[in-house]
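The values are calculated or read from the model by the stated rules, or taken from the named source; none is laboratory data. In this text, all values refer to a predicted model and were calculated from it rather than measured experimentally. In this analysis, Cβ positions are derived from the backbone assuming ideal geometry, glycine residues included, and neighbour counts consider all displayed protein chains.
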């Protein structure tokens, strides 16, 4: 049943609309920080909306009966990593502020959905080890820009936890890579023709 839904175009269309709206809102949310970010680093700042943008591209390709393993993998890794990362950040915000906010709650729900979307669509994805290596370079380079050069998504209340936040981001990226590696390995082992991947 779940696999059928992954190919059901009316559902894919609804997901596309929802993610597209979320992507637009996400980029708007980052405008203040983007204004202060040098041009060369701007693409690395809005992590979550870029993740949902990758997923939007995946959905558009599916609606036209197309697919691209590299974009699928970018979508999975970033949806999972930044979806869970944002949930953790907003929970830390609740603890630090000693209150639960409506905006924070909405961000937790929307980013948790991002992570779930990444995992749910994993069975439909078809990527190879070479693409996994390229995405690994992108993700860890993004972390380098964020936490070494200092252009990470700003949560002023959590500045004192900078090192912990950077570690969480690195760890989530590693976990996502491991999931993708074992999924790719499993598909490779169950395929008679390894050239498919």
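When residues in the stretch 89-103 are screened for being surrounded by fewer than 17 Cβ atoms within 10 Å (Cβ to Cβ) and either in contact with a helix residue (DSSP H, G or I) (Cβ under 7 Å, 6 or more places away or on another chain) or assigned to a helix (DSSP H, G or I) (or both), 8 of them pass.
Within the option set 49, 32, being under 18 Å from residue 113 (Cα atoms) and in a helix (DSSP H, G or I) holds for one residue only, 49.
Here residue 137 fulfils each of the conditions (1) within 17 Å of the chain's Cα centre (by Cα); (2) modelled with pLDDT under 90 apart from (2).
Going through (1) within 26 Å of residue 178 (Cβ to Cβ); (2) surrounded by fewer than 20 Cβ atoms within 10 Å (Cβ to Cβ); (3) at pLDDT below 95 one by one, residue 38 falls short only on (1). Considered as a group, the residues in the stretch 49-65 that are touching a residue at least 40 places away in the same chain (Cβ under 8 Å) and under 18 Å from the mean Cα position of the chain (by Cα) include one that is nearest to residue 78 (Cα to Cα), and that residue is 51. Is it true that residue 167 is surrounded by fewer than 17 Cβ atoms within 10 Å (Cβ to Cβ), assigned to a helix (DSSP H, G or I) and modelled with pLDDT under 90? Here the answer is no, as residue 167 does not meet what is asked. Of all residues in the stretch 6-35, those that are within 21 Å of residue 148 (Cα to Cα) and either surrounded by 20 or more Cβ atoms within 10 Å (Cβ to Cβ) or in contact (Cβ under 8 Å) with a residue 12 or more places away in the chain (or both) total 3.
The lone criterion from (1) farther than 20 Å from residue 180 by Cβ; (2) assigned to a helix (DSSP H, G or I); (3) in contact (Cβ under 8 Å) with a residue 12 or more places away in the chain left unmet by residue 134 is number (1).
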